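Heads up, the thing below is written out as structure tokens.
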Amino acid sequence: MRMNRITVGLAMVLATFGHAQTTEVAPNVFRVESGVNFELSHNAISDYLFSWTDSSGSVVNESDPTLILTAGQTYTFTRTTSGHPFIITDTSMPVAGTDGSYFRTTASGAVMDAATLAPIADFTADPAPTADFIEWTLVAGDIGDYFYTCRITGHLDMTGRIEVVAGAMAEPRDIQIQRIDFDNGTIEFFNYGSIDQDLTGWRTCTHDFNKSRRYSGASGLNGVTIEAGTSVFIHFNNDAPVDPDHLNRSSLGGSFATPLDQDAYGMQLFFPGTNGIVSFGNSTLIADHLQWNIDGQGVGSADFRTSQAVSEGLWTANGDFISTMAISSSLSLTEVGDGRLHGPSSYRVIDPCPADLNGDGFLDFFDIVALLGPRLDYNGDTVFDFFDIVAFLTDFQAGCP
């Protein structure tokens, strides 16, 4: 007998969003992407009745569902009514039927015990009023099919299937160097993806005019995670607040090209290969790259690894530098899409006095010459036109602080 299969609240969520923690992918089949507590009551000797709640809503009294669970998550199974101990077995358990209507074809206790996952006590949830439950933390080695059933040998119909699948993987290149703050000495990494990214094993490689190949420590970012849609900040001046998302440069170990200033500088963010180690010569392991210098002049060693980023389609060309000024306060990424090809036009440079184009601290005729002479793309839309002149005149009239 089917009872109150899905609550109205969850049905509305699943109808309006393409992605949810719980999704009914077929009749009697539920994908539960994040760890939950399954509460199990029963219907006589015919069915286990599963109930659970997550951010999608609540499923109530679902009869012997097929559950698709995700490796990397922890699930618990708790009996809430008396009788009918619940066990999880491998596929050596003799079972027939289809989703929602599986049944065990053996009444042998020895066969059931041989199929139960080990240790048996850990994969048996005794009935209420005990506080016993199964807690199952799934790992990649658990991917595959399983059954659950009642340990009472004659209760053949209280049976269902569990499928463990791989979890969605984060895309390393969703992590971008979003902002360089020269005034405060910080670098901001932002996760543009929809999945949290563990930065264990990640490293930076930095260069300036005089120095190249300055690598952060091999374990400096171990245990640091950038949640989807959030940032992690590196504080070059070692003045980070007490916050897990703010890290001091000194805590990362290794070395960095210093100072973090407006002059010639290049940076790559590397993620580890399948062996968990960064190989700096492997261009496929670059998550992001950027480089800048004052007015495009002076390179030195700042572009040491730029050709690697160019070969991966991460940067437009070796000689393309974001143009800063000695008084620039920051630069930030403004162009984000499915592609990861960036170049100077992908960034906005913030200056305390943006109309002071020649950087002499005054707004005068020479700044107008600096705009019109090389026909600068002042507003960053990749073309020089009337709108650049309007934007320049607006800033010129505002004056300098």
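The values are calculated or read from the model by the stated rules, or taken from the named source; none is laboratory data. Note that the structure is a prediction, hence the values are computed from the model and not measured. Note that we place each Cβ from the backbone using ideal geometry, even for glycine, and neighbour counts take in every protein chain shown.
Under the condition of being surrounded by 14 or more Cβ atoms within 10 Å (Cβ to Cβ), among the charged types (D, E, K, R) and closer than 20 Å to Glu171 by Cβ, the residues counted in region 199-228 number 1. Please determine whether any residue of region 315-325 is in contact with a Lys or Arg (Cβ under 7 Å, 6 or more places away or on another chain), over 16 Å from Ile180 (Cα atoms), assigned to a loop (DSSP other than H, G, I, E, B) and hydrophobic (A, V, I, L, M, F, W, C). No, every residue in region 315-325 fails to be in contact with a Lys or Arg (Cβ under 7 Å, 6 or more places away or on another chain), over 16 Å from Ile180 (Cα atoms), assigned to a loop (DSSP other than H, G, I, E, B) and hydrophobic (A, V, I, L, M, F, W, C).
Restricting attention to region 91-119, the residues that are in contact with a helix residue (DSSP H, G or I) (Cβ under 9 Å, 6 or more places away or on another chain), surrounded by 15 or more Cβ atoms within 10 Å (Cβ to Cβ) and either over 16 Å from Asp145 (Cα atoms) or among the acidic types (Asp, Glu) (or both) total 1.
Residues considered: Ile134, Ile152. Of these, the only one that is surrounded by fewer than 19 Cβ atoms within 10 Å (Cβ to Cβ) and modelled with pLDDT of 95 or more is Ile152. Selection over region 229-254 of residues that are among the charged types (D, E, K, R) and buried (at least 16 other Cβ atoms within 10 Å of the Cβ) gives a count of 2. Checking region 342-361 against the condition returns no match, with no residue being in a helix (DSSP H, G or I) and more than 27 Å from Leu314 (Cβ to Cβ).
Among residues of region 233-251 that are at positive phi, those with a Cβ under 7 angstrom from a residue that is in a strand (DSSP E or B), sequence gap 6+ or separate chain, pair up as Asn238/Asn248.
With respect to the conditions (1) over 29 Å from Gly201 (Cβ atoms); (2) of a type outside the set (Val, Ile, Thr); (3) touching a residue at least 12 places away in the same chain (Cβ under 8 Å); (4) not in a helix (DSSP H, G or I), Gln297 lacks only one, and its number is (3).
Table: residues versus (1) at positive phi; (2) touching a Phe, Trp or Tyr at 6+ places or on another chain (Cβ under 6 Å).
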residue: Thr153; (1), (2): no, no
residue: Gly160; (1), (2): no, yes
residue: Glu163; (1), (2): no, no
residue: Ile180; (1), (2): no, no
residue: Ile195; (1), (2): no, no
residue: Gly201; (1), (2): yes, no
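Using the structure shown, decide if Thr70 is β-branched (Val, Ile, Thr), in contact (Cβ under 8 Å) with a residue 12 or more places away in the chain and farther than 20 Å from Glu24 by Cα. No: the conditions fail for Thr70. Taking the stated definitions as given, is Thr274 farther than 21 Å from Tyr347 by Cβ and not in a loop (DSSP other than H, G, I, E, B)? No: the conditions fail for Thr274.
Residues in region 204-221 that are in a strand (DSSP E or B) and of a type in the set (Phe, Trp, Tyr): Tyr215 alone.
Residues checked against (1) farther than 22 Å from Tyr102 by Cβ; (2) part of a strand (DSSP E or B); (3) outside the structural domain of Ile120 (by TED's automatic domain parsing):
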{"position": "Glu24", "(1), (2), (3)": "no, yes, no"}
{"position": "Arg31", "(1), (2), (3)": "no, yes, no"}
{"position": "Ile45", "(1), (2), (3)": "no, no, no"}
{"position": "Tyr48", "(1), (2), (3)": "no, yes, no"}
{"position": "Leu67", "(1), (2), (3)": "no, yes, no"}
{"position": "Gly72", "(1), (2), (3)": "yes, no, no"}
{"position": "Phe77", "(1), (2), (3)": "no, yes, no"}
{"position": "Ser82", "(1), (2), (3)": "yes, no, no"}
{"position": "Thr91", "(1), (2), (3)": "no, no, no"}
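Taking the criterion of being of a type in the set (A, V, I, L, M) and in contact with a strand residue (DSSP E or B) (Cβ under 9 Å, 6 or more places away or on another chain), the residues of region 268-282 that qualify are Leu269, Val278. Would you call Phe321 over 26 Å from the mean Cα position of the chain (by Cα), crowded, with 16+ Cβ neighbours inside 10 Å, over 21 Å from Asn191 (Cα atoms) and among the aromatic types (Phe, Trp, Tyr)? So Phe321 fits the description; yes. Checking Asn358, Asn318 one by one, the residue that is outside the structural domain of Ala287 (by TED's automatic domain parsing), out of contact with any strand residue (DSSP E or B) (no Cβ under 7 Å at 6 or more places or on another chain) and at negative phi is Asn358 and no other. The number of residues in region 224-238 that are within 7 Å of Leu199 (Cα to Cα) and in a loop (DSSP other than H, G, I, E, B) comes to 1. Number of residues in region 37-63 that are without any contact (Cβ under 8 Å) to a residue 40 or more places away in the chain and in contact with a strand residue (DSSP E or B) (Cβ under 9 Å, 6 or more places away or on another chain): the value is 6.
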